[in-house]
Amino acid sequence: MLLGIDVGGTHTDAVLLDLGGIVASRKVRTDHANLLNSIAAVLAGILTSVDPAQVRRLNLSTTLSTNAIVEGQSEPVGVIVSCGPGIDPEYYRVGEHYFLAGGAVDHRGAVLENLSEAALDAALAACRADGVKVFAAVGKFSTRNPDHEDAILEKVHPLADFVTSGHALSGQLGFSRRINTAYFNSSVWRLFNRFADAVQRCAASNGLRCPINILKADGGTMPLTVSRSQPVESILSGPAASVMGIIAICNIDCDSVILDIGGTTTDIAVFADGAPLISREGISISGKPTLVRALKTRSIGIGGDSAITVQGGLVTAGPRRYGPCMADGGERPTLIDAFNVQNIIAYGDTMASYSGISELAMESGLDPETLADYAIAYAANRIREETALLIREINEKPVYTIFELLEGKLVRPAKVYVMGGPARAFATVLREAFSQSVLVPDNHAVANAAGAALARTTVDVELFADTQKGRMFIPGLRVERAVPGSYSLDQARAEAVDNLRDYLGAIETEDPDLPVDVLEESVFNMVEDGRLAGRNIRVKCQVKPGVVEAYKRGIRCQC
Amino acid sequence: MLKGKRKLGVVFFPAYDWAISSTHPERQERLLYTQDQLLEEGLFDIPGVTEYKPELASSLDVDRVHFCFPDVESVTTQSHFVSAGGAIRAAKLVMEREADRAFALIRPPGHHAMKAVHGSRGFCNINIEAVMIEWVREHYGRKRVAIVDTDCHHGDGTQDIYWHDPDTLFISLHQDGRTLYPGTGFPMEAGGPRALGRTINVPLPPGTSDEGFLHVIDNLVLPILDDFRPDLIVNSAGQDNHFSDPITNMNFSARGYAILSERLGPHIAVLEGGYAIQGALPYVNLGIALALAGLDYSHLREPGFDPDKYRQSAKITEYIEEITPQIADFYFDPPKTPKTGRFEGDTYVRDKEIHYDTDNIHEDQTETLHLCGDCPGLLIIESRSTVNPPCLGVEIPATACPACHAKGLEAFEQAQIKSKYRYIQLINRKDKDYQRFLI
């Protein structure tokens with residue numbers, strides 16, 4: 001049996017699955033002050049009817065790191081940056097303890113300028129004086145040559161409880177993203193590790209002896225042990241849980257759009273090429289872009305509790321949510337109330353909905369049914385427009401070869417899957433707004449927890465080889481070795497895949513035979529003075545997000 | 001936080017699967033390090049800076065500009081349609097006000113491609129900027145356009161295409177033609193009889209550094225632009241004036257390029273040459289992008305840059321200060337007649353011998369402009385080359401008078417009957433009609 005827990009903004013859901021389907025599920029209100037209480041509550045509840053020894057693993061999607069970052073309750077971090085020429089690194093200042101340590105590395109990893117020992121010493125002295133205990137060591141182009149990050153790490157080590165090295169988090173380029181990612185990682189490190197300890201104790205006290213995995217924003221998981229040094233990877237995993245849930249529940253076999261409609265927002269995701277699309281750039285948090293991989297989603301302020309506004313005769317809904325709908329005792333009419341008035345649903349106190357909408361209608365000279373109709377139509381159109389924009393953005397993404405430009409595949413969704421609390425209510429109007437067929441899966445109420453339970457491990461690595469320099473480097477895995485001048489793309493590809501597999505073995509993932517995809521590969525002849533000087537080889541491969549196949553049959557529904 | 005003063009659209013297309021040959025300067029690797037640098041710097045994470053992909057230009061877009069013999073397909077590859085399409089995309093961003101400035105970081109380049117095309121010269125087959133500008137004029141009306149070419153090589157192709165066009169100002173800053181390919185671009189080359197002073201050439205001595213380039217920008221280019229009042233300023237942003245460029249001899253720096261871009265303020269910059277692909281391009285391209293977006297580039301410095309080491313000599317400074325006002329006069333007080341070409345009756349004729357170094361083709365050409373008091377006049381090009389028998393090109397301008405319009409159609413028709421030419425092409429801008437006739 002597989003156990004999934006999704007700690008969401010409002011509810012914490014747990015689902016227990018076996019090959020035959022859902023064995024048990026639990027839902028409690030999320031206790032924001034103490035997420036562990038919520039987890040303990042659903043765990044205890046769901047394990048009453050089964051033997052905990054039967055549970056093969058626990059996957060957990062948690063908002064812990066997200067909340068700590070967004071609410072600024074994280075720990076001060078000493079950020080020490082080796083910058084080099086380009087955009088002034090002062091613009092990337094983050095936190096109260098940000099220091100420039102000189103040094104420059106170029107795009108091929110050549111050291112142009114050494115670190116400034118004096119600047120490093122001064123940074124350390126300042127951090128020591130301020131009692132800073134966790135650090136981030138970040139260099140420009142450290143994914144090409146980590147020497148400066150390593151030197152910073154060595155220097156701060158005696159002072160530090162924990163140091164994040166920028167190149168260890170991702171092989172992708174993006175200096176300011178690397179700074180932000182390393183900063184956030186260190187800032188939540190202590191909090192996350194305490195939480196991880198508590199989760200492990202809680203699981204053990206409930207009789208669980210299985211591995212624990214943490215959900216990531218890319219729809220995959222990482223073992224709890226890995227998450228202890230990369231807690232930033234756990235941010236914003238909520239939407240991913242829902243998307244993975246729908247993929248588990250429905251047999252998605254064509255390009256599709258997935259709409260997860262909640263109280264405040266609608267998250268739009270896209271499924272293509274047999275998997276949910278992953279954003280090429282990392283996700284942003286607190287307005288800062290990071291290198292954390294995430295599903296390509298677009299979030300808009302339309303949800304069941306979006307407040308309805310009339311201004312200058314124009315009826316709109318969202319993006320604000322002032323509270324629950326009037327049917328739930330709220331003070332202002334929302335889209336749910338409009339659905340009640342239109343008799344699309346009969347939710348809660350329908351009379352309250354009717355009187356709320358009537359009052360608003362009276363003020364604006366409309367009759368209640370028309371107002372409700374306009375508000376719903378507005379919401380459906382917004383969702384349709386934003387979906388179209390997302391698809392356009394995906395299809396307009398830059399490409400860099402003539403072949404891709406001429407032959408590149410376009411995403412053309414044929415189906416729209418709707419999930420979330422108000423999914424059924426919205427689906428009726430979305431059917432009119434979309435030309436594609438609009439489907440509402442049966443088990444959508446627990447899809448998020450099911451998605452968490454069934455999500456598999458994901459890993460991605462980038463290999464970078466420069467045969468002129470005779471080096472091969474896989475930043476994320478910290479693999480580095482000398483290579484001969486004859487080192488080829490075939491060898492690089494094989495080596496990237498082998499290293500990724502070794503890593504999967506080392507972290508003891510439950511499914512070590514996951515398919516590895518080569519996402520991008522390129523080889524460039526480097527020419528100097530009209531002669532071939534070497535080859536510049538890049539390989540990017542991944543284990544893409546997916547769900548445990550064997551369990552899909554049990555929870556599959558008609559959709 | 002970083003935020004640009006202006007919205008910048010960057011059309012980045014490195015054509016990683018295209019090269020002239022595997023060790024040629026125009027090879028797959030050319031923009032690899034530039035892309036690395038832009039990604040590492042996070043250029044596209046800056047609010048207001050957006051990356052776009054090229055459109056694909058069509059043969060029609062090329063036919064509007066060039067006489068391609070025997071036809072467009074024979075003298076181009078897909079890469080040229082993508083490159084021109086990239087420039088068109090950049091122009092569209094500006095024209096549709098999706099961006100305030102646009103940078104087409106594309107290859108292959110185009111500024112050595114002339115009006116008639118038999119093959120590739122100076123790594124160029126079709127003139128990317130001209131295809132873009134004429135696309136703009138076809139879709140948005142007859143705009144006044146200024147092209148400022150800051151590639152180290154004289155933009156002889158662009159000069160040839162706009163030689164007779166008074167609505168297009170072409171200013172080229174380049175290393176003196178006596179010391180570098182293509183060996184042209186002297187001040188007396190100032191445009192045809194209908195467009196005298198609309199072509200301005202500023203040959204600079206080898207060793208010119210930031211100081212010299214910026215002196216010419218401040219004291220020649222900007223005053224001329226102020227007077228010309230273009231609707232659109234296009235920068236042919238070649239980057240081979242850089243001190244580390246392997247095939248030229250100038251001392252320009254990445255910061256110098258950024259300052260130049262800021263002062264010039266082009267609506268659209270289009271990459272041309274520049275082959276110091278590791279030591280210069282990543283930094284120069286970043287500098288141009290930052291300057292176009294109105295972002296701080298003060299921290300930009302390429303490896304090995306030492307202002308003292310690369311400062312131009314006092315002699316060069318003196319020389320540039322001396323020639324600048326003289327060259328400015330070619331715009332403000334142009335000569336009464338062109339220094340090249342000849343008048344035959346009511347026509348102006350230029351005989352040209354054109355060498356296509358990249359494809360090793362030789363072309364003999366006679367260009368005839370029918371002088372007309374009512375319109376820019378009918379243009380006829382007779383051409384033959386080592387790869388093509390005699391060919392004819394007839395261009396009727398968009399603002400042609402009825403007489404020139406009729407004369408142009410007649411010339412196209414007569415050529416088909418007389419079979420003196422093997423390939424005949426009509427560019428009829430007035431009716432937006434582009435035809436080709438093969439005998």
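For segment A:213-228, the count of residues that are buried (at least 24 other Cβ atoms within 10 Å of the Cβ) and more than 17 Å from A:Leu454 (Cα to Cα) is at least one. Just wondering, is there one or more residues in segment A:498-510 that are part of a strand (DSSP E or B) and away from chain B (no Cβ under 14 Å)? Scanning segment A:498-510 turns up no residue that is part of a strand (DSSP E or B) and away from chain B (no Cβ under 14 Å).
Of all the residues in segment A:125-146, those that are within 13 Å of A:His97 (Cα to Cα) and buried (at least 22 other Cβ atoms within 10 Å of the Cβ) number 6.
Going through segment A:503-524 one residue at a time, which ones are modelled with pLDDT of 90 or more, touching a helix residue (DSSP H, G or I) at 6+ places or on another chain (Cβ under 8 Å) and surrounded by fewer than 16 Cβ atoms within 10 Å (Cβ to Cβ)? Result: A:Val518, single match.
Going by the structure shown, is B:Arg194 at pLDDT below 95, touching a Pro at 6+ places or on another chain (Cβ under 7 Å) and within 30 Å of B:Leu371 (Cα to Cα)? Judged against the criteria, B:Arg194 is a match. Filtering A:Ala445, A:Ala425, A:Ala450, A:Ala492 for residues that are assigned to a helix (DSSP H, G or I), at pLDDT below 95 and out of contact with any helix residue (DSSP H, G or I) (no Cβ under 6 Å at 6 or more places or on another chain) leaves a single hit, A:Ala445. Report whether or not B:Asp165 is closer than 30 Å to B:Ile46 by Cα and at pLDDT 95 or above. No.
Of all residues assigned to segment A:164-178, none qualifies as being over 30 Å from B:Ile46 (Cα atoms) and modelled with pLDDT under 95.
All conditions in (1) free of Cβ contacts under 8 Å to residues at least 60 places away in the same chain; (2) within 14 Å of chain B (Cβ to nearest Cβ) hold for A:Glu495, with the sole exception of (2).
Looking only at segment B:112-135, residues that are in a loop (DSSP other than H, G, I, E, B) and without any contact (Cβ under 8 Å) to a residue 60 or more places away in the chain come to 2 in all. Look at (1) within 14 Å of another protein chain (Cβ to nearest Cβ); (2) farther than 24 Å from A:Ala160 by Cβ; (3) not β-branched (Val, Ile, Thr) and you find that A:Ser61 fails only one, number (1).
On inspection, A:Val42 does not qualify as touching a residue at least 12 places away in the same chain (Cβ under 8 Å), part of a loop (DSSP other than H, G, I, E, B) and more than 23 Å from the chain's Cα centre (by Cα).
Quick check, is A:Ile391 within 24 Å of the chain's Cα centre (by Cα), under 21 Å from A:Pro319 (Cα atoms), assigned to a helix (DSSP H, G or I) and not polar (S, T, N, Q)? For A:Ile391, the condition - within 24 Å of the chain's Cα centre (by Cα), under 21 Å from A:Pro319 (Cα atoms), assigned to a helix (DSSP H, G or I) and not polar (S, T, N, Q) - is not met.
Out of all the residues in segment A:230-285, which are of a type in the set (S, T, N, Q) and touching a residue at least 60 places away in the same chain (Cβ under 8 Å)?
If the condition is that a residue be of a type in the set (S, T, N, Q) and touching a residue at least 60 places away in the same chain (Cβ under 8 Å), then A:Gln230, A:Ser234, A:Ser237, A:Ser242, A:Asn251, A:Ser256, A:Thr266 are the ones that fit.
A Cβ distance below 8 Å, combined with a sequence gap of six or more or placement on separate chains, defines the contacts here; from segment A:100-112, residues that are in contact (Cβ under 8 Å) with a residue 40 or more places away in the chain and more than 11 Å from chain B (Cβ to nearest Cβ) reach residues that are of a type in the set (S, T, N, Q) and in a loop (DSSP other than H, G, I, E, B) in the pairs A:Ala101/A:Ser116; A:Gly103/A:Ser116. Looking at the structure I just gave you, is A:Ile268 over 20 Å from A:Gly546 (Cα atoms), in the same structural domain as A:Pro324 (by TED's automatic domain parsing) and buried (at least 22 other Cβ atoms within 10 Å of the Cβ)? Criteria not met by A:Ile268. If the condition is being buried (at least 23 other Cβ atoms within 10 Å of the Cβ) and of a type in the set (Gly, Ala, Ser), then segment A:295-306 contributes A:Gly303, A:Gly304, A:Ser306. Restricting A:Leu371, A:Leu360, A:Leu291, A:Leu314 to residues that are within 30 Å of A:Ser176 (Cβ to Cβ) and either out of contact with any His (no Cβ under 8 Å at 6 or more places or on another chain) or surrounded by fewer than 19 Cβ atoms within 10 Å (Cβ to Cβ) (or both) narrows the list to A:Leu291. Mind checking whether some residue in segment B:276-289 is within 13 Å of chain A (Cβ to nearest Cβ), in contact with a helix residue (DSSP H, G or I) (Cβ under 6 Å, 6 or more places away or on another chain) and free of Cβ contacts under 8 Å to residues at least 40 places away in the same chain? Yes: one or more hits. If you go through segment B:81-111 and keep only what is closer than 17 Å to B:Pro266 by Cβ, within 14 Å of chain A (Cβ to nearest Cβ) and part of a helix (DSSP H, G or I), you end up with B:Gly86, B:Ile88, B:Arg89, B:Ala90, B:Lys92, B:Leu93.
Residues that are surrounded by 24 or more Cβ atoms within 10 Å (Cβ to Cβ) and either facing another protein chain (nearest Cβ under 8 Å) or part of a loop (DSSP other than H, G, I, E, B) (or both) within segment B:4-32 comprise B:Phe12, B:Phe13, B:Ala15, B:Leu32, listed in sequence order.
The residues of segment A:64-97 that are in a strand (DSSP E or B), touching a Pro at 6+ places or on another chain (Cβ under 9 Å) and more than 14 Å from chain B (Cβ to nearest Cβ) amount to a single one, A:His97. If you scan segment B:37-51, which residues turn out to be buried (at least 21 other Cβ atoms within 10 Å of the Cβ), outside any loop (DSSP other than H, G, I, E, B) and within 7 Å of chain A (Cβ to nearest Cβ)? Listed by number, the residues that qualify are B:Gln37, B:Glu40, B:Glu41.
Being surrounded by fewer than 24 Cβ atoms within 10 Å (Cβ to Cβ) and within 12 Å of the chain's Cα centre (by Cα) is the requirement here; does A:Ser284 meet it? So A:Ser284 passes the test. Out of all the residues in segment A:139-149, is one or more of a type in the set (Phe, Trp, Tyr) and away from chain B (no Cβ under 14 Å)? No, segment A:139-149 contains no residue that is of a type in the set (Phe, Trp, Tyr) and away from chain B (no Cβ under 14 Å).
Of the strands (runs of 3 or more DSSP E) that lie entirely inside segment A:198-301, those containing 3 or more residues that are closer than 22 Å to A:Gly420 by Cβ span A:256-261, A:266-272, A:297-300.
Right, A:Ile383: β-branched (Val, Ile, Thr), in contact (Cβ under 8 Å) with a residue 40 or more places away in the chain and either in a loop (DSSP other than H, G, I, E, B) or within 14 Å of chain B (Cβ to nearest Cβ) (or both) or not? The answer is no for A:Ile383. Can you find even one residue in segment B:405-412 that is small (Gly, Ala, Ser), assigned to a helix (DSSP H, G or I) and loosely packed, with under 14 Cβ neighbours inside 10 Å? Yes, that holds for at least one residue.
The values are calculated or read from the model by the stated rules, or taken from the named source; none is laboratory data. None of these values were measured; they are calculated from a predicted model. Positions of Cβ are generated from backbone atoms using ideal geometry, with glycine treated the same way; all protein chains shown enter the neighbour counts.
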